[in-house]
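K.L.:
Structure below; questions to follow.
The values are calculated or read from the model by the stated rules, or taken from the named source; none is laboratory data. Note that the structure is a prediction, hence the values are computed from the model and not measured. Ideal geometry is used to build each Cβ from the backbone, glycine not excepted, and the neighbour counts take in all protein chains shown. The area values use the complete protein model at the heavy-atom level, side chains included, leaving out ligands, DNA and RNA. Shrake-Rupley method; radii C 1.70, N 1.55, O 1.52, S 1.80 Å.
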Amino acid sequence: MTSSAAAHTTDLTDDPDLTVLRAAGTALVLDTRGPDLPRVLHWGADLPDEAVAALPLLAQGPVPHSALDRPWPLTVLPTEADGWLGTPGYAAHRGGRATAPRFTVTSTTATVDSVEVVLAADGAEVTLAYRLDEHGVLTASAAVASTVEPDGPELVLDLAALRVLLPVPSRATEVLDLTGRWCRERSPQRRALTDGTHLRASRRGRTGHDATLLLSVGTPGFGFRAGEVWSVHVAWSGGHEHLVERLPEGAGMHAGVLGGGELLEPGEVRLGPGERYAAPDVVFVHSAEGLDGISRRLHRAQRATATHARRPRPLVLNTWEAVYFDHDLGRLRELADTAAAIGVERFVLDDGWFGGRRHDRAGLGDWWVSPEVWPDGLGPIVEHVKDLGMEFGLWFEPEMVNADSDLVRQHPDWVLGPRAGHPREWRHQQVLDLANPEAAAHVERQIGALVSGLGIDFIKWDHNRDLHEAVRPGDEGEAGDRPAVHAQTVAFYALLDRLRTAHPDLEIESCASGGARVDLGVLARTDRVWTSDCNDALERAQIQRWTSLLVPAEVMGTHVGPPTAHTTHRTLDLGFRTLMALQGHAGLEWDITTCDASEREALTRWSALYRELRPLLHGGDLVRADLPAEEGLLVTGTVAADGAHAAYTVVRTHTGPRAVPGLVPLPGLDPEREYTVRVRPEAGLPHTVQTAPPAWWADALGDGLRLSGAVLGTVGLPLPVLAPAQGLLLHLT
């Protein structure tokens, strides 16, 4: 039995109770012998057959003093019944009873790439399914159904938690996760893994600016290019939790657990007879090649899905930072003319076109074209944009309303919140209760009519506030309010699904005051995410670097902002701004009618470079250099899957500790190939702090420098001394 790139299950002939999922150098091993629950013997790097066969024996460790009298296992659904006193995989009750279930296995089914286990106890049936794809990404799904008889006592099953937990070994001693805030998303934080629970819980009603994206644990000092890493992601846009936990007694034969699930508020999921709750998928990824190995698996898996963007990602111009609420047909036509002339392929009209929306305190929810601003409707600007050969996109914020709106005046009961009154406002907004079928249908009709009537190609779907006091009135006859984040998230997904079914060519962006709704749940239904409301390219260097842990470049919106950033008031060179925008789905958010001739020429060259390189940038493998001795220097590359060509951005965010950066390797290249290295001036040439450039610089600006992948990847290039907020693009062919 050997490993292969394709996922497959194997029952070892000498132990048919061992079920093994294997793919791309990873493996999940379950011991499915009864009568107890299946035991997780291994998750991580693939193992030789003889090692897999030995795992059941190795699972029988010693029995210490003052402990359970027999060795206990880590099962697929760890609870106290197994011996586990950490965070449980399942927690529920029926009227305060049935809180200590002893699950038994009712069925186990394995296919070529998956295994499903069905468990039962106390009138509850839990289904756990694991699927390992060809890229080594393990997706775990969990569901619970109430199987009590309709005439039995304590009918309602109150679910507190349904989590998926997998083991991590003792050599995983460091934790890396991400935090952030508006305009500073994806800030890394690292710490030692100690005893106890490291829990990242979000009650924001959306993924959140501070969402970790991935919670990772690894061997000491793991980085982008080295170290063994285990990561988890909850594919859900509502309340969620990620955790890594280590107890002094371990987790069966393992050191600890890693996992997560939906964060459920008390009373949020109550199941009557025959009702079922499906938890969000929890995605697990292992890499023996650092964080780049994690990203490679995740990016390849996303690109293999049917919903992932297939055609080239069009160069975008979004009007927000160009005109804000000042919508004027003549001005927008001029903006569209300029955009088309420099090579823009999609023109997106942002906030301010509808209802009484002349500012951010009114009009949300009134998705009809304002006759005050657009007396002839949006038809003239849409026709003009399409006559120029560009797609047309439109901004919506369908889940939010202003109190000052026709919708709220007509339907005040559609606002999500407690009976005691509206929640505190955020950006003068309240939340529309999409779990109300009438409210959801109303929004769907308004959006659908505009998409069909105008031929809209793209929606920028915004979501500009966290959800506070996200509750709905109880069912008829019930007193009090019920938690609503789960229902709101399900309704949001359903609305997206219906719109995509009705308009199969429509593309949708997930924007949430920037990057506050970035997760695999929403990415399965949208075509890109807005990475951050911050278009300051220097801030974007880190935001994009860490967002790309999870998100492939082609679905990560990256725009060139104006010379002085709206959110930071920092002024940056055009070359640096265009360079950073090449790291994703590129665009502009800037009044380019104010550009002089030289700036327009530079943007035209840059847009042509984007079109030239996007098959590589949006299809290759992401690589990021570990440069601990050269603080402030970021080297980020994309290498084609066959290793034949590559592109690297080299960025100096702030002054370095040394006079010169020295030899800097370019990671990910094929050591057996020879490459021609060129500096692409279309991405801008940097300002430097040096008397003379390195010797290879002149060649790279001309016909190119010829070197092997072994030299470039192991020895490296002596880089120029870049000034802060400067960078360059290396293109290798």
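K.L.:
Which count do you get for residues in segment 122-150 that are touching a Pro at 6+ places or on another chain (Cβ under 8 Å), open to solvent by less than 40 Å² (accessible area, probe 1.4 Å) and modelled with pLDDT under 95?
P.N.:
1
K.L.:
Taking only segment 499-515 into account, find how many residues are more than 22 Å from the chain's Cα centre (by Cα) and in contact (Cβ under 8 Å) with a residue 12 or more places away in the chain.
P.N.:
Qualifying residue count for the region: 3.
K.L.:
Mind counting the residues in segment 619-652 that are in contact with a Lys or Arg (Cβ under 8 Å, 6 or more places away or on another chain) and farther than 18 Å from ARG680 by Cα?
P.N.:
12
K.L.:
Taking the residues in segment 629-654 that are open to solvent by 20 Å² or more (accessible area, probe 1.4 Å) and free of Cβ contacts under 8 Å to residues at least 60 places away in the same chain as candidates, determine which candidate is nearest to ILE294 (Cα to Cα).
P.N.:
Top of the filtered list is ALA641.
K.L.:
Given the conditions (1) in contact with a Lys or Arg (Cβ under 7 Å, 6 or more places away or on another chain); (2) open to solvent by less than 20 Å² (accessible area, probe 1.4 Å), report the number of the one that ASP210 does not fulfil.
P.N.:
The single condition ASP210 does not satisfy is (2).
K.L.:
Another question, if that's okay. I want to confirm something. Restricting to segment 663-695 and keeping residues that are closer than 24 Å to GLN583 by Cβ and small (Gly, Ala, Ser), which single residue is most open to solvent (accessible area, probe 1.4 Å)?
P.N.:
Filtering segment 663-695 for residues that are closer than 24 Å to GLN583 by Cβ and small (Gly, Ala, Ser), the one most open to solvent (accessible area, probe 1.4 Å) comes out as GLY668.
K.L.:
Using the structure shown, decide if GLU149 is in contact (Cβ under 8 Å) with a residue 24 or more places away in the chain, within 20 Å of VAL269 (Cβ to Cβ), among the charged types (D, E, K, R) and not in a strand (DSSP E or B).
P.N.:
no
K.L.:
Same structure, new question: Scanning segment 611-628 for residues that are without any contact (Cβ under 8 Å) to a residue 40 or more places away in the chain and closer than 26 Å to GLY587 by Cα, which turns out nearest to the chain's Cα centre (by Cα)?
P.N.:
Filtering segment 611-628 for residues that are without any contact (Cβ under 8 Å) to a residue 40 or more places away in the chain and closer than 26 Å to GLY587 by Cα, the one nearest to the chain's Cα centre (by Cα) comes out as GLY620.
K.L.:
What are the residue pairs meeting all of these: first residue in segment 583-601, first residue under 17 Å from GLN544 (Cα atoms), second residue among the β-branched types (Val, Ile, Thr) and open to solvent by less than 50 Å² (accessible area, probe 1.4 Å), Cβ atoms under 6 Å, and 6 or more apart or on different chains?
P.N.:
So the pair list comes out as GLN583/THR558; GLY584/THR558; ALA586/THR558; GLY587/VAL316; LEU588/VAL560.
K.L.:
Within segment 501-518, track down each residue that is closer than 16 Å to SER187 by Cα and of a type outside the set (Lys, Arg).
P.N.:
GLY514, GLY515, ALA516, VAL518
K.L.:
Quickly run through segment 59-85 and pick out the residues that are touching a helix residue (DSSP H, G or I) at 6+ places or on another chain (Cβ under 9 Å) and hydrophobic (A, V, I, L, M, F, W, C).
P.N.:
TRP72, LEU74
K.L.:
Out of the residues in segment 472-505 that are in contact with a Lys or Arg (Cβ under 6 Å, 6 or more places away or on another chain) and open to solvent by less than 40 Å² (accessible area, probe 1.4 Å), which is modelled with the lowest pLDDT?
P.N.:
GLY474
K.L.:
Can you tell me which residue within segment 330-351, out of those that are under 24 Å from ASP533 (Cβ atoms) and out of contact with any helix residue (DSSP H, G or I) (no Cβ under 8 Å at 6 or more places or on another chain), is surrounded by the fewest Cβ atoms within 10 Å (Cβ to Cβ)?
P.N.:
Ranking the candidates gives GLU345 first.
K.L.:
Which of the residues spanning segment 151-197 are open to solvent by 60 Å² or more (accessible area, probe 1.4 Å) and hydroxyl-bearing (Ser, Thr, Tyr)?
P.N.:
Answer for segment 151-197, where residues must be open to solvent by 60 Å² or more (accessible area, probe 1.4 Å) and hydroxyl-bearing (Ser, Thr, Tyr): SER170, THR194, THR197.
K.L.:
Also, quick follow-up: Considering only segment 518-547, how many residues are surrounded by 22 or more Cβ atoms within 10 Å (Cβ to Cβ), in a loop (DSSP other than H, G, I, E, B) and small (Gly, Ala, Ser)?
P.N.:
1
K.L.:
Looking at (1) assigned to a loop (DSSP other than H, G, I, E, B); (2) surrounded by fewer than 24 Cβ atoms within 10 Å (Cβ to Cβ), find the lone condition where LEU247 falls short.
P.N.:
For LEU247, the exception is condition (1).
K.L.:
Still on this model: Inspect all residues belonging to segment 125-137 and state whether any of them is of a type in the set (Val, Ile, Thr), part of a strand (DSSP E or B) and farther than 20 Å from GLY260 by Cβ.
P.N.:
For segment 125-137, residues of a type in the set (Val, Ile, Thr), part of a strand (DSSP E or B) and farther than 20 Å from GLY260 by Cβ: absent.
K.L.:
If you check SER141, SER216, which single one turns out to be hydroxyl-bearing (Ser, Thr, Tyr) and either in a loop (DSSP other than H, G, I, E, B) or over 29 Å from LEU634 (Cα atoms) (or both)?
P.N.:
Going through SER141, SER216 in turn, the sole match is SER141.
K.L.:
Looking at HIS327, is it part of a helix (DSSP H, G or I) and crowded, with 16+ Cβ neighbours inside 10 Å?
P.N.:
no
K.L.:
If you scan segment 492-517, which residues turn out to be assigned to a loop (DSSP other than H, G, I, E, B), in contact with a helix residue (DSSP H, G or I) (Cβ under 7 Å, 6 or more places away or on another chain) and under 27 Å from GLU321 (Cα atoms)?
P.N.:
Of everything in segment 492-517, just one residue is assigned to a loop (DSSP other than H, G, I, E, B), in contact with a helix residue (DSSP H, G or I) (Cβ under 7 Å, 6 or more places away or on another chain) and under 27 Å from GLU321 (Cα atoms), namely LEU506.
K.L.:
Do we have ASP82 as among the acidic types (Asp, Glu) and out of contact with any strand residue (DSSP E or B) (no Cβ under 6 Å at 6 or more places or on another chain) here?
P.N.:
Here the answer is no, as ASP82 does not meet what is asked.
K.L.:
How many residues, within segment 38-62, are assigned to a loop (DSSP other than H, G, I, E, B), at pLDDT 95 or above and either farther than 20 Å from GLY136 by Cβ or open to solvent by less than 10 Å² (accessible area, probe 1.4 Å) (or both)?
P.N.:
1
K.L.:
Which condition breaks for ARG311 when tested against (1) without any contact (Cβ under 8 Å) to a residue 12 or more places away in the chain; (2) open to solvent by less than 10 Å² (accessible area, probe 1.4 Å); (3) not aromatic (Phe, Trp, Tyr)?
P.N.:
Among (1) without any contact (Cβ under 8 Å) to a residue 12 or more places away in the chain; (2) open to solvent by less than 10 Å² (accessible area, probe 1.4 Å); (3) not aromatic (Phe, Trp, Tyr), ARG311 violates only (2).
K.L.:
Shifting gears a bit: Select from segment 93-123 the residues that are in contact (Cβ under 8 Å) with a residue 40 or more places away in the chain and charged (D, E, K, R) and list them in ascending order.
P.N.:
ARG94, ARG97, ASP113
K.L.:
With respect to PRO273, is the statement that it is farther than 30 Å from PHE354 by Cα, part of a loop (DSSP other than H, G, I, E, B), open to solvent by 40 Å² or more (accessible area, probe 1.4 Å) and touching an Asp or Glu at 6+ places or on another chain (Cβ under 8 Å) true?
P.N.:
Yes.
K.L.:
Restricting to segment 686-724, name every residue that is within 22 Å of ALA659 (Cα to Cα), out of contact with any strand residue (DSSP E or B) (no Cβ under 7 Å at 6 or more places or on another chain) and touching a residue at least 24 places away in the same chain (Cβ under 8 Å).
P.N.:
The answer is VAL689, GLN690, PRO693, THR714.
K.L.:
Additional query: In segment 347-380, how many residues are among the hydrophobic types (A, V, I, L, M, F, W, C) and not in a loop (DSSP other than H, G, I, E, B)?
P.N.:
Here the count works out to 5.
K.L.:
Mind checking which residues of segment 399-412 are more than 23 Å from CYS511 (Cβ to Cβ) and either without any contact (Cβ under 8 Å) to a residue 12 or more places away in the chain or open to solvent by less than 10 Å² (accessible area, probe 1.4 Å) (or both)?
P.N.:
ARG409, GLN410, PRO412, listed by residue number.
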